[in-house]
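Trainee: Before anything else, here's the structure in question.
The values are calculated or read from the model by the stated rules, or taken from the named source; none is laboratory data. Keep in mind that what you see is a predicted model, and the values were worked out from it rather than measured. Neighbour counts run over all protein chains shown; Cβ positions are idealised from the backbone, glycine included.
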Amino acid sequence: MESEMETHVVLLSSPGLGHLTPVLELSKRLATLSNSKVTIFVVPSLSAAESQVIQSFMSLNLCRIILLPPPDISHLVHADAAVVTRIVVIMREIKPAFSSAVSALSVPPTLFIVDLFGYESMDFADQFKIPKFVYIPSHAGFLALTLYLPVLDEVVKGEYVDEKDALLIPGCRPLQLEDVVDPMLCRSDQQYLEYLNMGIKIPMADGILLNTWEELEPATLAALRDDKLWGGISKAPIYPVGPMVTTPNRPIDSNKSEMFLWLDKQPSESVLYISFGSGGILTKEQMRELALGLELSQQRFIWVVRTPVVAKSCDGSFFTVGNDCNDERLASYLPEGFLDWSNNMGLIISDWAPQVEILRHQSVGGFLSHCGWNSTLESITHGVPLIAWPLYAEQRMNATLLVEELKIAVRSKTLPSKEIVGREEIKLMVKRLMVDEEGHTMRARVKQFKLSGEKAWNHNGSSFKALAQLMR
Ligand code: UDP
């Protein structure tokens, strides 16, 4: 960049907190570190939590946020279309509005960053003759799979899940078939074709930003930069700029203070926090087993509960406004006597909780999580080990990274996205994490990663330098 003051970074975020949060955090860093003007275009979903996050970010006055009203896509997708399909179609339909809004900016953009699902808007950068970047709010292993998909698409003939062996991705751990991401489960589904397109188009960016850091995934990052392994697939430079996690800037409201008063009274690192992200829901049967497993474990907990789904659907609340899980209805979903037992041992929070504030409380010692990447990073950056309970998207891959590579999580043999995890298995996992020596070892290990994440953002840390390099 010729002069810092002339720099104007324009970012585009797709709907959903899981995408918006890392884009906002990246924008914050760009505005504060590089003294750049930053404008974020946001396609909001209907979620109340998301509106609150946007409002609170606006009050910082660091960057300008421009909301692009979500287009009506009901005539373009089936009612039961996958979340990935819906988001990609929304982002495709928003292109004309986005293009005119960017053209109307009084200060022309000098750098363009789109998130994963906004990749089709990347080419607007060519009109302004400015560099274009894609921000993947996930880890290096996920990027490797995405970039390698066009090759797999040529080589593998049938369904990926019907292959005999794990999928081999250059320089990476073999991808077990049960870990393939949702869009790869059925090749005739539109979400597969959309995901494949991402793999084809993303290498055309001038660079790829990742929400990970060098010290978290050294081997995969080194492999991705190995020209002999990846040169023929993608030459786009990779910028690991993580961990980008929410830094709460609002006081804990009085409604929630009861929960924090309760947390204050619990022994250090004794409480298991349970949440399935912004979209995860369990079946009624799974909710019952989880409640009974908790009771058998006799461990303290905070559980964010949503109205269960009748059929097997994991990401059902992603596009809904809120959940109608009031206290009376809650009782009807939980086993008899559970609320009495939990009176002393835990708290049940309906629908939504201030997750980061909870994770940073010293009484919290474990997180039973659906392994969305934001939740994963929030856990790591607060030194909290996990029970991995992957449900949808790329969460099974994330769970394997946590359990097998980083060794900071336990998981069930039963795959929660396929079958019901029984109470006995739940009890064992909770005890392994919260009581056993194994859990203590994981807690010590995750604290090392917490430190390395902090170092990555020190002056001269790897992520700090990566972002500075990108802005040069
Ligand atoms: N979240 C929260 N309270 C809740 C549930 C989720 O604050 O009760 C936040 C969480 O802190 C994270 C985001 O919502 O930042 C969820 O993102 P993630 O990538 O973990 O999962 P997704 O919702 O995209 O599946």
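Trainee: Report the residue count in region 188-223 for those that are part of a helix (DSSP H, G or I) and in contact with a Gly (Cβ under 7 Å, 6 or more places away or on another chain).
Mentor: 2
Trainee: Go through region 381-393 and report how many residues are small (Gly, Ala, Ser), more than 8 Å from the ligand (Cβ to nearest atom) and outside any strand (DSSP E or B).
Mentor: Selection size over region 381-393: 1.
Trainee: Going residue by residue through region 398-409, is there one that turns out to be near the ligand (Cβ under 8 Å from one of its atoms) and either surrounded by fewer than 23 Cβ atoms within 10 Å (Cβ to Cβ) or closer than 16 Å to Gly279 by Cα (or both)?
Mentor: No: zero hits.
Trainee: Just checking, how many residues over region 278-299 are more than 20 Å from Glu425 (Cβ to Cβ) and at pLDDT 95 or above?
Mentor: Result for region 278-299: 0.
Trainee: Just for region 353-376: of the residues that are more than 26 Å from Leu415 (Cβ to Cβ) and within 10 Å of the ligand (Cβ to nearest atom), which one is surrounded by the most Cβ atoms within 10 Å (Cβ to Cβ)?
Mentor: Among residues in region 353-376 that are more than 26 Å from Leu415 (Cβ to Cβ) and within 10 Å of the ligand (Cβ to nearest atom), the one surrounded by the most Cβ atoms within 10 Å (Cβ to Cβ) is Ile358.
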